[in-house]
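Engineer: Sharing a structure, written as structure tokens. Questions coming.
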Amino acid sequence: MESFSLETNYDAIIVPTGTFLLLHNREDSLKALKNFYHHLQDGGRLIIDIFLPYDLTTTNVTTRTWETNDGDMITLESKLVDVDAVNQYTITHNRYEKWQNGKLIQTELERFPIRWYGIEEFKLILEQIGFKDIIISADYAYGQYPTKSSEIITFEAVASKD
């Protein structure tokens, strides 16, 4: 996101469901937003989802389970291991396991850093880059300002290149 360069300008760039937060290095995040701006036509829209961390307890472990079409089981165990409130990022360790007939057949480990931004902070960053007419929505209810930290927050911003 931070380094792509194309000859084309777009009417819209959409970054769904927190994908942007995977750019855990702040400088890369800012480069990506500037890059989006430069790749939009005048009047083009950036639509980007972010979320806020709402459970920063490092002792909690969560487990999710899915069954595949062929009857295998996938489990995901996540543990938040680092919270840096000053620099606004978290690191979670994820363990994916694949089970077949009750037997573990594959394991993958993942270090998963996420950077977060405050709502008004992110709006100010977009404005500093040159975006205008910024609409903030909560849980995909257009124009409904967030009231809970667990909501998905969508920013829709217009590239104004006057």
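The values are calculated or read from the model by the stated rules, or taken from the named source; none is laboratory data. The structure displayed is predicted, hence computed values, not measured ones. We place every Cβ from the backbone using ideal geometry, glycine too, and count neighbours over all the protein chains shown.
Engineer: If we keep just the residues of the range 87-112 that are under 17 Å from Pro53 (Cα atoms) and hydrophobic (A, V, I, L, M, F, W, C), which is surrounded by the most Cβ atoms within 10 Å (Cβ to Cβ)?
Structural biologist: Ile91
Engineer: Please count how many residues of the range 1-35 are surrounded by 12 or more Cβ atoms within 10 Å (Cβ to Cβ), among the hydrophobic types (A, V, I, L, M, F, W, C) and either touching a residue at least 40 places away in the same chain (Cβ under 8 Å) or assigned to a loop (DSSP other than H, G, I, E, B) (or both).
Structural biologist: Selection size over the range 1-35: 6.
Engineer: What is the residue count in the range 64-92 for residues that are of a type in the set (S, T, N, Q), in contact with a strand residue (DSSP E or B) (Cβ under 9 Å, 6 or more places away or on another chain) and free of Cβ contacts under 8 Å to residues at least 12 places away in the same chain?
Structural biologist: Qualifying residue count for the region: 2.
Engineer: If you don't mind, another one. Within the range 132-162, which residues are over 17 Å from His39 (Cβ atoms) and among the polar types (S, T, N, Q)?
Structural biologist: Ser137, Gln144, Thr147, Ser149, Ser150, Thr154
Engineer: Oh, and also: How many residues are crowded, with 17+ Cβ neighbours inside 10 Å and closer than 23 Å to Tyr54 by Cβ if we restrict to the range 126-155?
Structural biologist: Count: 9.
Engineer: Further question on the same structure: Name the single residue that is surrounded by the most Cβ atoms within 10 Å (Cβ to Cβ) among those in the range 72-85 being within 16 Å of Thr57 (Cα to Cα) and hydrophobic (A, V, I, L, M, F, W, C).
Structural biologist: Among residues in the range 72-85 that are within 16 Å of Thr57 (Cα to Cα) and hydrophobic (A, V, I, L, M, F, W, C), the one surrounded by the most Cβ atoms within 10 Å (Cβ to Cβ) is Leu80.
Engineer: Hey, another quick one. Restricting attention to the range 90-125, report how many residues are of a type in the set (A, V, I, L, M) and outside any strand (DSSP E or B).
Structural biologist: Qualifying residue count, the range 90-125: 3.
Table: residues versus (1) modelled with pLDDT of 95 or more; (2) assigned by TED's automatic domain parsing to the domain that holds His24; (3) over 17 Å from the mean Cα position of the chain (by Cα).
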residue	(1), (2), (3)
Asp82	no, no, yes
Val86	no, no, yes
Gln106	yes, no, yes
Leu109	yes, no, yes
Phe122	yes, yes, no
